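Here is the structure we will look at.
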Amino acid sequence: MRVLVTGVGGLIGSNLAAAAAQQSWEAIGCYRGAAVQLEGVQTIAVDLTERNQCVAAAMEFDPDVIVHAAGGVALSRFELESQLAELDYLATEHTIAAARAVRARYVLVSCDWVYSGYRPAGSRFAESDAPAPVNAYGRSKLACEQAAMRANLPWLILRPADVYGVNLSRPSRVWERSGPALRLAKRLCEGTELTAPRGLWRSPTYAWDFAQRTCELIAQGCEGVYNMGGAAPLGRFEWFTLLAGAFDCEPELVQEGTLEAFLQSCGEDPELELPSNTALSEEKASAAIGSLSVAPERGLQLMREQLHRMLKPVRGLAR
């Protein structure tokens with residue numbers, strides 16, 4: 001199988017491309033900006049806002065599947081920079097056009113922010129629940145989903161939640177380029193306190209596990225919408241506490257606080273609106289591929305082991 005993955009310079013894209021290569025599939029990764037290298041994966045520069053570049057890359061590689069995983073940036077930027085949603089949608093339209101040009105299956109990586117969050121703590125959203133995003137990022141991803149659904153080709157939409165792990169394409173800047181969890185772990189290792197509210201629930205999703213399960217869905221020819229959250233819904237306070245424990249940091253560094261303080265500690269706008277509970281049910285995915293996702297404690301352990309393989313021991317990790 002030949003698989004083209006966009007966003008290979010990011011956390012999700014790098015793991016998806018590496019997992020595809022591990023399946024002995026022929027994988028090509030598209031990046032924009034600085035060149036990216038990934039073992040077992042051919043990488044090329046493609047500007048997804050240029051339709052001709054997207055179609056040309058697909059025509060040259062002739063993939064069986066196009067996985068569109070590019071587009072993740074800070075939530076606050078979507079609120080402040082309206083053009084980001086336009087670029088996000090444009091990239092989706094152009095990768096759909098590329099898939100149509102070579103009659104490839106289309107896989108879109110969306111997210112849990114498409115849900116409203118109006119659920120009691122401990123309950124989860126299923127694929128049958130209607131999306132109702134409350135922030136600009138969620139609305140952008142929902143628009144991209146709707147574009148994929150309208151496309152006249154086989155499509156698969158994946159909704160992971162709170163993806164954490166190691167960016168496999170950025171060994172020199174792994175802390176900064178591996179998503180919020182590893183950036184926050186670095187702050188904990190440096191002795192910085194983190195503030196977390198108890199009333200904010202998600203399903204942390206280990207990136208490598210998500211990538212492998214995605215490959216299973218692709219291999220089985222699955223279509224439709226699949227929630228791909230982690231095994232357990234967790235509040236932010238509980239999640240930060242697990243993160244501190246995984247990196248041998250003092251649990252007292254995690255403090256309970258307001259949503260505004262939490263957003264500031266994450267580098268987001270304190271006035272950003274977040275859904276209170278976007279924990280995802282994984283029953284549909286587990287029924288399709290016969291496997292459960294990795295539990296948070298195990299995923300954090302695996303993340304740390306990955307980090308050790310990519311970096312020399314640093315302060316806070318070599319204890």
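The values are calculated or read from the model by the stated rules, or taken from the named source; none is laboratory data. Note that the structure is predicted; figures quoted are calculated from it, not measured. Using ideal geometry, Cβ is built from the backbone for each residue, glycine included, and neighbour counts are taken over all protein chains shown.
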query: In region 127-157, how many are surrounded by 15 or more Cβ atoms within 10 Å (Cβ to Cβ), more than 26 Å from L80 (Cα to Cα) and out of contact with any helix residue (DSSP H, G or I) (no Cβ under 6 Å at 6 or more places or on another chain)?
result: 3
Region 193-207, residues that are assigned to a helix (DSSP H, G or I) and surrounded by fewer than 24 Cβ atoms within 10 Å (Cβ to Cβ): none
- prompt: Would it be correct to say that E250 is without any contact (Cβ under 8 Å) to a residue 60 or more places away in the chain and not hydrophobic (A, V, I, L, M, F, W, C)?
  reply: yes
Boolean, R298 is of a type in the set (K, R) and crowded, with 16+ Cβ neighbours inside 10 Å: no
message: Given the criterion in the same structural domain as E268 (by TED's automatic domain parsing) and over 19 Å from E268 (Cβ atoms), identify the matching residue among C215, C189.
response: C189
- request: Report yes if E86 is surrounded by fewer than 22 Cβ atoms within 10 Å (Cβ to Cβ), closer than 23 Å to D47 by Cα, in the same structural domain as D64 (by TED's automatic domain parsing) and modelled with pLDDT under 95, otherwise no.
  value: yes
message: I'd like to check something: does region 158-167 contain any residue that is basic (K, R), assigned by TED's automatic domain parsing to the domain that holds L11 and surrounded by fewer than 20 Cβ atoms within 10 Å (Cβ to Cβ)?
response: no
task: Could you tell me whether any residue of region 34-55 is at positive phi and of a type in the set (S, T, N, Q)?
output: no
- request: Kindly indicate whether any position in region 245-259 is of a type in the set (A, V, I, L, M, F, W, C), within 17 Å of the chain's Cα centre (by Cα) and either surrounded by 14 or more Cβ atoms within 10 Å (Cβ to Cβ) or outside the structural domain of A104 (by TED's automatic domain parsing) (or both).
  value: no
message: Of the residues S123, S172, only one is surrounded by fewer than 22 Cβ atoms within 10 Å (Cβ to Cβ), in a loop (DSSP other than H, G, I, E, B) and either in contact with a Ser or Thr (Cβ under 7 Å, 6 or more places away or on another chain) or at negative phi (or both); which?
response: S123
task: Quick one: count up the residues across region 146-175 that are under 30 Å from A21 (Cβ atoms) and over 15 Å from the mean Cα position of the chain (by Cα).
output: 15
message: Please pick out the residue among Y118, Y137 that is in contact (Cβ under 8 Å) with a residue 60 or more places away in the chain, in a helix (DSSP H, G or I) and either of a type in the set (S, T, Y) or in contact with a Ser or Thr (Cβ under 7 Å, 6 or more places away or on another chain) (or both).
response: Y137
